[in-house]
Amino acid sequence: MVQVLRPSTPPSIYAAMMVYLLSFELIARMAQTSPYIPYEMGKYLFFILLVIGILKYRTSQWPALWMALALIPGAILDLSGQVSFLDMIFNFLGPLNVALAILFFKGKRFSRTMFMNLIILMIYPMVAVLAHAIFKAPDLGDVEFELGANMVTSGGFGSNQVSTGLGLASFLVFIFWINNWKLTGYRWLDTTLLAVFILQGLLTFSRGGMVTGFLGIFVLLVVLRNAKTWQIRKYNLPRIGKYLIPSFILIMGVFFAVNRLTDGMLLLRYQGETAGTVSGSKQKSLNTITSGRFDIFTGDIDLFLENPILGVGAGASKYLREKMTGVVAHVELSRLLGEHGLLGVIYFLILVNYGLKLPRSNPNPALVGVVTALFVVGVFTSFHAAMRTFVSPMTIGLSMVFIRGIANQKVKPKNEVNQTVVKL
């Protein structure tokens, strides 16, 4: 740790420390280590490391700085009179960390090998999450699957957070799989790991994280599919026709295998059915499909229309909504509008502008596909889990780096990863 914080340490090694430490946030939550490892450890630690990194490497990015400044009035304001310090931190540090992550990572130049190592360092802790969920789950024959999120198959912890981690890991492993980069050193083992991540993620019955992972995979495939012939030759890109059908068969095969294991409940769950809609006591609507998120979203929009300039203050929306009162926001966009008003709109527009520039960020379509998909995963995660975990700040931050590398050669980054972990 001391060696990493030395002035001569390059930004890539400092980033590796952040990625490796923050990815353990989820396993710490699942293992119920609080108060020894605080429940919100990821937010606190990421904030501290980003501030140190920004000062250490003298980084500056004015739009990202304006994003951070736009959040300050909301941290002071509280129209509900009920926001506690923990409420404010819970809702404030997520978007602040996104702004600081862009401020730190934007313009940093990493080698392709080092960038691959950063992704590997995110995957390793998710393997621990996967193992925890598998070993703590009972025999599937003893599980009574219902049309709702399942904490039993999530290792006894919040299925939304576990699904988010497993969906992210599925996408990250797919990056190596589609580019034929070596993750474990064995192609068959990489494929097995990808399949198991998808399988356990689907078993959580929490849809947001897995849909996000599949969306990242889709974006990556679209970018590679649109690569020109000369780019395919110059950068030795994977032939999508060779991988598209196997990718589809793998994902759909695992999906229908899990659907059979759950007696058809998985398919009903992803169709938006609930126990009420199946029995006929409830009508299927956008709110039932989104597990109440639509009511939260519209409630936040109503607060924005009533307080358009500064909003109601960070953390106050859950106390002031007419519907879903007392429930924290799950869609970061509506929370930004309801709690920060016009400044929240500005924040989100600047964030979107950063994302729109990514397709032109690198001449290599394989690398463009990775950073664009990372950004999409980070933003879409905020639409079902807000910015409560490390996923949105970290993936959006990593999408901002410039990756050096031309040919899509087969790289074995294991030695460099081991060296990085030793330095940590």
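Quick notes on this structure:
- Estimated 222 nm signal from helices in the chain, with DSSP H stretches of n ≥ 4 weighted -39500 (n - 2.57), rounded to 500: -20000 deg cm²/dmol
- Whole-number percent relative contact order across the chain, with pairs defined as alpha carbons under 8 Å at least 6 apart: 25 percent
- For region 243-380, projected area of the alpha-carbon convex hull averaged over all directions, nm²: 11.5 nm²
- By average C-beta atoms within 10 angstrom, highest first, the peptides 24-36, 340-352: 340-352, 24-36
- Coarse-grained scattering of region 274-328 at q = 0.15, 0.31 Å⁻¹, given as base-10 log I(q)/I(0) from a Debye sum over alpha-carbon atoms: -0.49, -1.16
- Taking the Cα centre of region 294-379 as origin and assigning +1 to Lys and Arg Cβ atoms and -1 to Asp and Glu Cβ atoms, the resulting dipole is close to 340 debye.
- q = 0.25, 0.29 Å⁻¹: log10 I(q)/I(0) that the Debye formula gives for region 221-289, counting C-alpha atoms only: -1.01, -1.15
- Dipole axis of the chain (+1 Lys, Arg; -1 Asp, Glu on Cβ), positive-most option in Gly341, Gly241, Met30: Gly241
- Of all accessible heavy-atom area on region 214-348, the percent that carbon and sulfur account for (1.4 Å): 63 percent
- For Ser111, the residues whose modelled amide H falls within less than 5 Å of its own, excluding neighbours fewer than 5 places apart on the same chain, are Arg404.
- Centre separation in Å (Cα based) which lies between region 31-88 and region 178-225: 30 Å
- Phi-derived couplings, Karplus 6.51 cos²θ - 1.76 cosθ + 1.60 at θ = phi - 60°, listed residue by residue for region 386-399: 6, 10, 8, 10, 6, 4, 5, x, 6, 5, 5, x, 5, 5 Hz, with x used for Gly and Pro.
- Computed with a 1.4 Å probe on the full set of protein chains, the accessible area for Lys136 sits at about 120 Å².
- In order through region 178-184: 3J(HN,Hα) via Karplus (6.51 cos²θ - 1.76 cosθ + 1.60), integer Hz, x for Gly, Pro: 6, 8, 6, 7, 8, 9, 8
- Compactness of region 179-242 - radius of gyration and Dmax, Cα, Å: 14.5, 43
- Protein-only accessible surface order, largest first, of Ile240, Ile245 at 1.4 Å: Ile245, Ile240
- Ellipsoid equivalent to region 85-181 - semi-axes via the Cα gyration tensor, in Å: 30, 22, 10
- Principal axes of the chain: Cα extent on each, largest first, Å: 56, 55, 45
- Debye log10 I(q)/I(0) at q = 0.11, 0.22 Å⁻¹ for region 41-144, Cα point scatterers: -0.56, -1.19
- The chain, dipole about Cα centre (Lys/Arg Cβ +1, Asp/Glu Cβ -1), debye to the nearest 20: 2240 debye
- In order along region 328-333, the Karplus-derived 3J(HN,Hα) couplings, from 6.51 cos²θ - 1.76 cosθ + 1.60 at θ = phi - 60°, round to 5, 5, 9, 10, 5, 4 Hz, and Gly and Pro are given as x.
The values are calculated or read from the model by the stated rules, or taken from the named source; none is laboratory data. Everything quoted here is computed from the prediction, not taken from an experiment. Using ideal geometry, Cβ is built from the backbone for each residue, glycine included, and neighbour counts are taken over all protein chains shown. The area values use the complete protein model at the heavy-atom level, side chains included, leaving out ligands, DNA and RNA. Shrake-Rupley method; radii C 1.70, N 1.55, O 1.52, S 1.80 Å.
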